[in-house]
Amino acid sequence: MFGLNWDLIWRNREEFLWGLVLGLQMALIGLAIGCVIGLLVAFARTSRHRWLSAPAAAYVEFVRNLPLLLILFFLYFGVPMWANSALPRDVADLLILDGENTVIAGLAIYGGAYLAEIFRAGILSVGRAFVEAGRSLGLSGVQIARYVTLPIMFRTVLPSLGNTFISLFKDTSLAMAIAVPELTFVTRKFVTDTFQFIQAWTVAAVLYIVTAYAIAAVLRFLERRIRWAV
Amino acid sequence: MASIIDELPLLLQGVVATLQISMLVVVAGSIVGVFGGLGLLFGPIWLRAPLRGYVDVVRGLPLLVTIFIIYYVPPAFDIDISGFAAVVVALSIFAGAHISEIVRGGVASVAKGQSDAAKALGLTFWPRIWSVVLPQALPSIIPPWTNTAIEMVKGSSLAYLVSVSELLFQTYKVVGRTGAAMEIYIAAALLYFAINFAVSRFGAWLERRVRYAL
Amino acid sequence: MTDTGHASTVGEATAPNAPPMVRIRDVHKRFGALEVLKGIDLDVRQGEVVCIIGASGSGKTTLLRCINFLEPYDSGRIYVDGELVGYHERGGRLVPAREKEIARVRAETAMVFQQFNLFPHMTALNNVAFGPIKVRGVAKDAARERARELLARVGLSDKADAYPAQLSGGQQQRVAIARALAMEPKVMLFDEVTSALDPELVGEVLAVMEDLAASHGVTMIVVTHEMMFAREAADRVVFMDGGVIVEAGPPDEVLGAPRSDRLRAFLRRFTTSRGS
């Protein structure tokens, strides 16, 4: 194709594919933890108590305005430097993460801020009527959240959840900056070894695009499976 | 502590570079986006199809991959491109695709009767778009446009990876020189926050200005 | 039963043998499988007021939009003041005109819409002055001066600086009429201009239109459901049904002594539903 030699890249196909899988893995775990953070923050932000809502709002507004790469550098370079000098050895060891866990933690913190906003919109969209219906049945606040708000909201937030997953997946490309061998790292390494710029970046681009649109297609399928609507 | 304050000018140099990149990109991306969005809506099929391809491909790619493609591929054809230029071009391509989609959506949301009324007065396409349709699309275009601008400020940090000494690059360097990791990273975070807070305030101000009585 | 172009006109402004201001010949228009205009012939003289009535779906609004080329027609010819609308004729075939030419013809045929379609980001005054400034190249001060006169004519001198959202539906529609008048058009097209209004606001708009009609300065084609207006202001009433003109003539004849069953049925349904 295009008069280019594609043999070398074909022989290294497993490396590229594992890079892709690693990115998906980190994005998925990051999304899961981010959802927990996002849910807690969303409920805190919609709380009547200012001591809960104010820090929640601050977290969302602050983190959404930071570059993900800065968060990754902070976790990977900054925290260990500071922890080693300021904290006892065993506590410091807990805070020092390897590359992959740094990316997962970074995605969770970063994605958590976006997910909090998505969940907050979801909570607000459920509306008072359902909450009051739950209260009239004698459910507690936690029970209302668990059995009424969350299931109803799940349907409305699903598309945004999917978009966040795709964004986080694309953001895993930044992991190359701390030498995590995901797809972008593999591609750049391949390029420096072989000088096959065009082949390598074409393959990487196609893999990213196909994966992103495949995730989107799966999510649209899932959305259609949920038949009830609010 | 004194050593950190001594290093502040280095951080501010980084801020200047970050602002330079961001502003260039937002201007270029907005120009591409306005014409891209109008092309997606009103263009003939030979224009619409490649525009659709451009927008969908770029929106499916990680920004970093777009930067690397622009940075690494032209030299393979003996075209020299600096890290700074590569970042500005790649981010503009990225912003242009996103803003194209924003403009397309905003313009499509303007009631068809408005275009009819302008046609009935005898206005041709461009005056109709500039004077009647776009002003009404702006209130729905500006909020997502502001978000794209913030994404570009954040995205400019990727310039670090092609050795452009913007804010993150300088942060990394100053941490290495002083060893004051916590303080410097927090200072950098506050600087990014301040820039983006200003961008979102500016966006809110613009939105208020273009929002006529509805 | 097509009877067009020969009806007597009251208060005619031009000699009967002058060429018509609007000449429509065998116009066809289809939307996909649906043919909405099935061969329309109609002449409208300079200064004449023609009301087009008919049930919804009869094609009357589509015909109006074809005259302004907001909808391109498929075949036939529409001339405004002798100029073919939207096309050039080459060897008996229609060739689409260039955008500039279409715009020039449109500027001669002003349109007032059912939904007003005032520009929401401009004041009433700027809505009226906009066309003359942008299309006719009139100086801003002169255009605004003229716009004030026109707003006074439709009774809205005090609303010049109001935005459309601050005006009632009836006031918005009067601004829209002033906006159309500002273009000093050869023909004014009115598309069910009172249908979107609350009943108590219809009168003020009809009063402005009756005033215009009585002046006979401008040719008017009015698609309407207001039978009283048609009876009193029209020189000629045209009844459309199923994409064709069924009857046309002076209001007394068409509304007073309908000849076709279709028109009788339409008028009966109309009087009962409106209770007038």
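The values are calculated or read from the model by the stated rules, or taken from the named source; none is laboratory data. In this text the structure is predicted, and so the values were computed from the model without any measurement. Backbone-built Cβ (ideal geometry, glycine too); neighbour counts: all protein chains shown. Protein only, heavy atoms only, side chains kept; ligands, DNA and RNA dropped before computing areas. Shrake-Rupley method; radii C 1.70, N 1.55, O 1.52, S 1.80 Å.
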Output for the range A:165-181, where each listed residue is within 17 Å of B:V162 (Cβ to Cβ) and either facing chain B (nearest Cβ under 8 Å) or in contact with a Ser or Thr (Cβ under 9 Å, 6 or more places away or on another chain) (or both): A:S173, A:L174, A:A175, A:M176, A:A177, A:I178
Every residue from the range B:104-124 that is under 16 Å from C:A107 (Cβ atoms) and facing chain C (nearest Cβ under 7 Å): B:D116, B:A117, B:K119, B:A120, B:L121, B:G122, B:L123, B:T124
Hits in the range B:66-103 - residues which are surrounded by fewer than 24 Cβ atoms within 10 Å (Cβ to Cβ), within 11 Å of chain A (Cβ to nearest Cβ) and free of Cβ contacts under 8 Å to residues at least 60 places away in the same chain: B:I69, B:I70, B:Y72, B:V73, B:P74, B:P75, B:A76, B:F77
Verdict on C:L167 being under 23 Å from C:V22 (Cβ atoms) and either within 14 Å of chain B (Cβ to nearest Cβ) or of a type in the set (D, E, K, R) (or both): no
Output for the range A:55-86, where each listed residue is farther than 21 Å from A:L115 by Cα and either open to solvent by 30 Å² or more (accessible area, probe 1.4 Å) or of a type in the set (S, T, Y) (or both): A:F74, A:Y76, A:F77, A:M81, A:W82, A:N84, A:S85, A:A86
Complete set of residues in the range B:181-209 that are crowded, with 16+ Cβ neighbours inside 10 Å, aliphatic (A, V, I, L, M) and over 20 Å from A:Y76 (Cβ atoms): B:I195, B:V199, B:L206
Subset of the range A:182-195 that is surrounded by 14 or more Cβ atoms within 10 Å (Cβ to Cβ) and within 9 Å of another protein chain (Cβ to nearest Cβ) - its residue that is nearest to A:L68 (Cα to Cα): A:T184
Filter result for the condition that a residue is open to solvent by less than 10 Å² (accessible area, probe 1.4 Å) and free of Cβ contacts under 8 Å to residues at least 60 places away in the same chain, over C:V237, C:V205, C:V193: C:V205
So B:I21, is it open to solvent by less than 30 Å² (accessible area, probe 1.4 Å), within 25 Å of A:I166 (Cα to Cα), part of a helix (DSSP H, G or I) and in contact (Cβ under 8 Å) with a residue 40 or more places away in the chain: no
Which numbered condition C:A160 misses (of (1) surrounded by fewer than 22 Cβ atoms within 10 Å (Cβ to Cβ); (2) touching a residue at least 12 places away in the same chain (Cβ under 8 Å); (3) more than 29 Å from C:G137 (Cβ to Cβ); (4) not acidic (D, E)): (3)
Within the range C:33-60, tally of residues that are of a type in the set (A, V, I, L, M, F, W, C), outside any loop (DSSP other than H, G, I, E, B) and either farther than 19 Å from C:R262 by Cα or within 14 Å of chain B (Cβ to nearest Cβ) (or both): 5
Check on A:L52, open to solvent by 20 Å² or more (accessible area, probe 1.4 Å), within 12 Å of chain B (Cβ to nearest Cβ) and free of Cβ contacts under 8 Å to residues at least 12 places away in the same chain: no
The range A:110-162: number of residues that are among the aliphatic types (A, V, I, L, M), open to solvent by less than 40 Å² (accessible area, probe 1.4 Å) and within 24 Å of A:A27 (Cβ to Cβ): 8
Any helices (runs of 4 or more DSSP H) falling wholly within the range A:66-122 and containing at least 2 residues that are touching a residue at least 40 places away in the same chain (Cβ under 8 Å) and either under 18 Å from B:G176 (Cβ atoms) or more than 13 Å from every other protein chain (Cβ to nearest Cβ) (or both): A:68-73
Residue within the range A:20-28 that is open to solvent by 50 Å² or more (accessible area, probe 1.4 Å) and out of contact with any helix residue (DSSP H, G or I) (no Cβ under 8 Å at 6 or more places or on another chain) present: yes
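To keep it simple, each residue is scored yes or no on (1) of a type outside the set (V, I, T); (2) free of Cβ contacts under 8 Å to residues at least 60 places away in the same chain; (3) within 14 Å of chain C (Cβ to nearest Cβ).
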position	(1), (2), (3)
B:W130	yes, yes, yes
B:E151	yes, yes, no
B:S163	yes, no, no
B:E166	yes, no, no
Those residues of the range A:182-197 which are without any contact (Cβ under 8 Å) to a residue 60 or more places away in the chain and of a type in the set (F, W, Y), in sequence order: A:F195, A:F197
